[in-house]
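Here is the structure we will look at, set down as structure tokens.
What follows draws every value from the coordinates through simple rules; no lab data is involved. Model, not experiment: these values are computed from the prediction. Here Cβ is always computed from backbone atoms with ideal geometry, including for glycine, and neighbour counts include all displayed protein chains.
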Amino acid sequence: MGPDKLKNPLLTVLLPVYNAEKYIKESISSILAQTFEDFELIIIDDGSTDKSKEAISSFKDKRIRFFKNNTNLKLINTLNKGIKLARGKYLARIDADDICFPKRFQKQISFLENNKNVAILGTDIEFIDKSGNYFGKGVVHPQSHNEIKWGLQRRCCIYHPTTMVNLEKVKNEFFYSEQFVHAEDYELWLRIAKNYRLANLPEVLLKYRVHSSSITQKFSTQATQSMLQALSTHRLEDYTETQIDTIRFPWKLSSVEELNSLLKKWKASCLHFIKISDVTEKEAWLIKNNAISLVLILTFLSLFKFRKVNLKLTISTLRGLGINFKHLFYLFKVYNYNIYHKFFRKYFFGKN
């Protein structure tokens, strides 16, 4: 690769590292082995106390730009530092314990080059454990901007370490906020979605590692609280705090009647979003099904919570939302099987 390519790469890959000596070599190797080669790899060691630096230093590739924070600045500050250092038109994210599929960058670059209106692009993932063993795929996320914008009102539907960003398009608006610790990506997607278009590739292009020391596992409670704060800040509808809280914590429902009321409000909100948004007929159908996924989760959780379920009322609610039990079972399988079923079997019962 010539000097001009090194000076002005098309892509910057941002890899923050903190005490990742167990996995960092595998992650870096997967980046350097990409079929798309016109990139710089910015690695920032955020004050690691293990042998991460030694592991990183073992690579002698000219595309690597290595930086080490004198103190532990934490993830948000480290990411913002990396964004300022980036020289590429596009910015790709990956975490130090994840693994890229060989054609990830090639496929994302191709999509963004052919879809100039998209600012942020994610992909689907598969889960691996601490030893790198496969144990399921992540939930298939919505693909188009309007589907994602609606989906973000319930969950984070862009996997952070899969993202590639058009930095030229978002310019100075792409940064992570310290107000939303452990949900900084979720708040960023909600904020960017107001003025720019988002998309997901319907293909698994990253192996996402789940282990006890990962941020997702260690700070799940704080992450959920930050997600609530972000949703409240950027909500599309005039939800009350109680409604938002119940959407994120459905086990707080106190009665089937409360469930019925919430589902009706969610349906009305979904239909209102479709009415005021420039959606295609296909997008409208997909958004309705995304809304139904909330119905599915609340309904199944309520069956466990309420020992004496008012079955007639529950059936009436489902019918009013255009759902039959066959459809409900199908949605349950699609949205939950790959993650929860395999996860619980493996980690709680020791079965594959």
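Starting from the Kirkwood radius over alpha-carbon pairs of the stretch 106-222, derive D by Stokes-Einstein at 20 °C in a medium of 1.002 mPa s and give it in µm² s⁻¹. The diffusion coefficient I find is 143 µm²/s. Other residues whose C-beta falls under 11 angstrom from the C-beta of ASN80 contribute a net charge of +1, scoring Lys and Arg +1 and Asp and Glu -1.
Over all Cα atoms in the stretch 3-212, the spread is summed up by Rg and Dmax: 16.1, 46 Å. Once the chain from GLU178 to SER232 is taken as fully extended at 0.36 nm per residue, the excess over their C-alpha distance is 17.8 nm.
So what's the net charge close to GLU283: Lys and Arg +1, Asp and Glu -1, counting the other residues with Cβ under 14 Å from its Cβ?
Values: positive: LYS149, ARG197, LYS275, LYS282, LYS288; negative: GLU147, ASP278, GLU281.
Within the 14 Å Cβ shell, the charges total +2.
What pairs from LYS53/LYS116; LYS171/LYS264; LYS74/LYS282; LYS116/LYS275 go past 31 Å between their alpha carbons? Write out the running numbers ahead of the final one.
Details: LYS53/LYS116 37 Å; LYS171/LYS264 40 Å; LYS74/LYS282 42 Å; LYS116/LYS275 26 Å.
In this structure, LYS53/LYS116; LYS171/LYS264; LYS74/LYS282 exceed 31 Å between Cα atoms.
Projecting label points 7 angstrom from Cα along Cα→Cβ for HIS272 and LYS25 puts them 5.6 nm apart.
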